[in-house]
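Inspection log for the structure reproduced underneath, given as structure tokens.
The values are calculated or read from the model by the stated rules, or taken from the named source; none is laboratory data. Quick caveat: nothing in here was measured; it's all calculated off a predicted structure. Positions of Cβ are generated from backbone atoms using ideal geometry, with glycine treated the same way; all protein chains shown enter the neighbour counts. For the accessible areas, the whole protein counts, side chains as well, though only heavy atoms, and no ligand, DNA or RNA atoms are used. Shrake-Rupley method; radii C 1.70, N 1.55, O 1.52, S 1.80 Å.
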Amino acid sequence: MALSKLKYNSLNVTAAASKAVGFDAGADDLSASLSGGSMVFIKKVTASSSGTISFLNGASDVVLDSTYKEYLFTFKNIHPSTETSFTFQADTGTNTNYNQTIQSTYFRATHREDAGEADLYYNQSNDQANGTAFQTLVESPQIGANNDENLNGYLHIFNPSSSVFTKHFIARISTQNDDGQPGYVMQVFTAGYFNTATALTRFQFKMGSGNIDAGDICLYKIS
Amino acid sequence: MALTKFNYNSFDVTPVASKAMGFNSDADGLTSISPTSMVLIKTLTASSDSSLSFVNGSSDVVLDSTYPIYLFKWINIHPGNDSVHFSFNGSDDTSSHSYNITKTSTHFEALLYEGDTGAAVQYNTAGDLAQSTGVQSLGRGVGNDNDQATSGELWLFSPSSTTYVKHFMHRDNVAHDGNGSFSNRISGYFNTTAAITAIQFTFSAGNIDAGKIKLYGIKDS
């Protein structure tokens, strides 16, 4: 005998598109007013002496298309194999050159553990004027490679699948380094746009040199 | 007569781990719906409190390896005193918490007074720390006129790590006692490999008269 499954209209609640079923405020009835999450986890990639970490739309459960207008990458305990920079790029279609044209700004604030180098500074060496290089998120050699050193932060990508607009990004990173002098903290602000009207389908992260020794990069969708 | 209970596989939908059940986009079928990855853990509402603390394992607060990233948000934090600094500190104790973790940080601000004066973006050496165990100021010079307050957020990364120092990143806006808008950006680290088990918010003088502080966990699965 075929199994009889309860259909959507078997529940004693008025169906509402894309709403979850839960209990009402009195916990004495069903309700279809609950929304799913507006910030939803898509994918985590954990580095293990990785040369690069890539997120490709349609591969390994990654969604990076017109489904959502905003995507968020988070960086947790990113640890390099050597003191270096942290960078990212994107590409279109099935291309893997990661050389899209980028227009960007880059500034940061620093402070040492001995109270030196309290500074707010625009760094022209790490912005891009229609450049095709990997975009620096932390300049070299500001990610320390000592056992307890790491960087953390996030990167917003707006409407990567647009075929009309350039694609904006906003990043903020906190990193530290003990480069033989008193250690220091650096907070870095990078923003810009991929100067293309072609949909971006993939993003790649890598160190300026050496590997991403450890750490997690997570991708979320924002609805 | 025994009640009939429906099980997970009683419904006309394919079960998906850790998803909710809801209606599809046409409201004519069932589907799985993704829950939020930003989970509210705890809301504290100030009422002339000298401090507001989020202690792992206490009063439903989770501040451990359950989440890789934690996010505090505060809304309309109003001080009892005028021209005081909204601040925070961390603890690595497991009980009888002392808030005195060593921190190094950097601080800059953008500001403008209501008279269209003072427009600047500048590094603020009064707001950074160099290996200090004292509180980290967040919003400085918060006014306590009835309509003045500060709102903002603080990201705390991997507080339970016993390998790495623990980074934090903050941004806020302050209704300054001098009648202006001050927007602050602070980033730094707890310079310890011990797990951070509690976070406490205070003003540099007087009470937290009113306002809410919320703690969220950011899931990574």
Every residue in region B:173-189 that is closer than 20 Å to B:TYR70 by Cα and crowded, with 23+ Cβ neighbours inside 10 Å, please.
B:ASN184, B:ILE186, B:SER187, B:GLY188, B:TYR189
Would you please list the contacts, defined by Cβ atoms under 7 Å and residues six or more apart or on different chains, that run from a residue in region A:13-30 that is over 16 Å from B:THR36 (Cβ atoms) and more than 7 Å from chain B (Cβ to nearest Cβ) to a residue that is open to solvent by less than 50 Å² (accessible area, probe 1.4 Å) and not in a loop (DSSP other than H, G, I, E, B)?
A:VAL13/A:VAL21; A:VAL13/A:SER31; A:VAL13/A:ALA32; A:THR14/A:ALA32; A:PHE23/A:SER31; A:ASP24/A:SER31; A:LEU30/A:VAL21
Of the residues that make up region A:39-55, is at least one touching a residue at least 24 places away in the same chain (Cβ under 8 Å), open to solvent by 30 Å² or more (accessible area, probe 1.4 Å), in a strand (DSSP E or B) and within 9 Å of chain B (Cβ to nearest Cβ)?
yes
Restricting to region B:3-31, and then to whatever is facing chain A (nearest Cβ under 9 Å) and among the small types (Gly, Ala, Ser), can you tell me which residue is most open to solvent (accessible area, probe 1.4 Å)?
B:SER25
With the structure loaded, tell me whether A:ALA115 is without any contact (Cβ under 8 Å) to a residue 12 or more places away in the chain, under 28 Å from B:THR162 (Cα atoms) and either of a type in the set (Phe, Trp, Tyr) or within 14 Å of another protein chain (Cβ to nearest Cβ) (or both) or whether it fails that test.
yes
Check region A:154-174 and report whether any residue there is within 9 Å of another protein chain (Cβ to nearest Cβ), more than 27 Å from B:SER132 (Cα to Cα) and open to solvent by 10 Å² or more (accessible area, probe 1.4 Å).
no
Residues in region B:51-58: is at least one of a type outside the set (Gly, Ala, Ser) and not in a strand (DSSP E or B)?
yes
Quick one: which residue in B:THR102, B:THR117, B:THR125 is touching a His at 6+ places or on another chain (Cβ under 9 Å), at pLDDT 95 or above and open to solvent by 20 Å² or more (accessible area, probe 1.4 Å)?
B:THR125
Step by step: first the residues of region A:60-112, then only those that are of a type in the set (Asp, Glu) and assigned to a strand (DSSP E or B), then the one that is surrounded by the most Cβ atoms within 10 Å (Cβ to Cβ). Which residue is that?
A:ASP91
